[in-house]
1. Hey, can you tell me all the residues within segment 173-183 that are part of a helix (DSSP H, G or I) and surrounded by 13 or more Cβ atoms within 10 Å (Cβ to Cβ)?
2. Taking helices (runs of 4 or more DSSP H) that fall entirely within segment 211-294, which contain at least 2 residues that are assigned by TED's automatic domain parsing to the domain that holds residue 38 and touching a strand residue (DSSP E or B) at 6+ places or on another chain (Cβ under 8 Å)?
3. Does residue 38 satisfy the criteria of being in the same structural domain as residue 127 (by TED's automatic domain parsing), assigned to a loop (DSSP other than H, G, I, E, B) and buried (at least 22 other Cβ atoms within 10 Å of the Cβ)?
4. So, residue 234, is that one free of Cβ contacts under 8 Å to residues at least 24 places away in the same chain and more than 16 Å from residue 39 (Cα to Cα) or not?
5. Could you say whether any residue in segment 275-282 is buried (at least 20 other Cβ atoms within 10 Å of the Cβ), farther than 22 Å from residue 116 by Cα and modelled with pLDDT under 95?
């Protein structure tokens with residue numbers, strides 16, 4: 001399962017907690033954090049492949065798996081995401097890594113979110129899998145979400161109400177929760193279910209409840225304080241969601257995340273539910289690999305370059321060709337978007353008051369219908385052909401071309417063959 005990895009138990013700065021995990025591979029460090037009710041076993045289809053290019057660390061959060069499970073404090077602070085994040089920073093430092101990328105799913109992603117705010121010098125990049133920020137969730141509750149995600153309130157009830165109700169029913173609880181309860185469930189092997197049942201002990205249930213109690217109280221207050229102070233996550237952030245999960249069905253995840261981060265590298269919906277690393281491991285691995293390799297500083301320069309390019313006339317005109325060459329490098333380095341049959345796939349790279357930068361991948365025959373926008377637009381194309389018609393004259397652009405359109409000009413895009421492009425929108 002984790003062939004070539006070394007298992008460890010590392011003492012954290014909390015005397016009551018050691019963290020169980022594995023480390024393997026070579027290259028830049030990547031930390032993988034699981035969600036509820038899982039363990040580092042969750043990453044077994046992804047971590048070994050990442051280890052071909054990176055040093056991969058996968059751990060059990062406090063309260064989960066084989067890591068320490070202290071009794072909760074009255075204010076739940078020893079199960080806050082701040083404390084959980086500190087555990088993981090302690091582990092990485094013990095392993096010799098002062099700066100690293102972190103990818104987290106579910107509660108692991110919330111731990112990573114807090115880590116980027118409390119330890120910005122340590123976190124190079126963040127990949128958050130199938131969550132919205134905790135503050136956003138609690139301030140945008142709907143009836144549909146509450147019925148699907150009842151456990152947020154149930155687990156947060158005072159000690160020891162949920163613990164007593166689940167006592168002796170751990171296997172029933174795990175099989176139901178992972179198999180069928182709520183949107184985006186299922187897709188687990190029997191071996192995985194047995195491993196998660198093994199780890200679902202009364203101590204684990206208590207740790208999970210304390211995690212949710214903290215999330216509804218002190219974690220929320222920490223996030224609110226940061227938001228009110230304008231303290232956003234500064235490092236590049238990739239958001240991966242399951243297209244059939246509650247995250248995708250009940251929330252506008254790209255809009256939700258943009259409130260809390262200043263460098264949203266992209267939002268990707270995969271063909272799966274709430275557990276991408278188990279339900280869509282190939283796609284999850286590919287996006288983590290590409291994001292880990294990416295040089296995001298290049299994408300951030302495109303908006304500044306575009307501001308110096310004038311869009312004139314009634315139809316599309318060719319802009320400075322050097323931008324197209326730079327785009328080729330960006331696409332090659334970032335793996336920004338992947339083709340999907342019969343679809344137009346997009347990822348927001350930069351979102352600022354001055355404008356936006358978005359990457360697109362068009363399958364053959366797919367299109368963006370005619371529309372207008374109050375922005376000047378610069379299109380930098382990476383591959384193949386497509387028609388870029390305006391009412392003035394349809395134009396076919398070849399590989400590595402660039403073009404512009406002034407604000408208010410009706411325009412549309414249709415792919416002749418599959419192609420990728422960057423769209424830079426500059427406020428007029």
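The values are calculated or read from the model by the stated rules, or taken from the named source; none is laboratory data. Small disclaimer: the values here were computed from a predicted structure and weren't measured. Neighbour counts are summed over all protein chains in view; Cβ atoms, including those assigned to glycine, are modelled from backbone coordinates with ideal geometry.
1. 173, 174, 175, 176, 177, 178
2. By residue number, 246-250, 253-258, 276-279, 281-293.
3. Taking the combined requirement at face value, the residue satisfies it.
4. no
5. no
This table checks each residue for (1) under 27 Å from residue 232 (Cα atoms); (2) outside the structural domain of residue 65 (by TED's automatic domain parsing); (3) part of a helix (DSSP H, G or I).
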{"residue": "128", "(1), (2), (3)": "yes, no, no"}
{"residue": "136", "(1), (2), (3)": "yes, no, yes"}
{"residue": "141", "(1), (2), (3)": "yes, no, no"}
{"residue": "145", "(1), (2), (3)": "yes, no, yes"}
{"residue": "159", "(1), (2), (3)": "no, no, no"}
{"residue": "162", "(1), (2), (3)": "no, no, yes"}
{"residue": "171", "(1), (2), (3)": "no, no, yes"}
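Per-residue answers, yes or no, for (1) part of a loop (DSSP other than H, G, I, E, B); (2) crowded, with 24+ Cβ neighbours inside 10 Å; (3) out of contact with any strand residue (DSSP E or B) (no Cβ under 6 Å at 6 or more places or on another chain):
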position: 14; (1), (2), (3): yes, no, yes
position: 48; (1), (2), (3): no, no, yes
position: 58; (1), (2), (3): no, yes, no
position: 61; (1), (2), (3): yes, yes, yes
position: 67; (1), (2), (3): yes, yes, no
position: 73; (1), (2), (3): yes, no, yes
position: 89; (1), (2), (3): no, no, yes
position: 110; (1), (2), (3): no, yes, yes
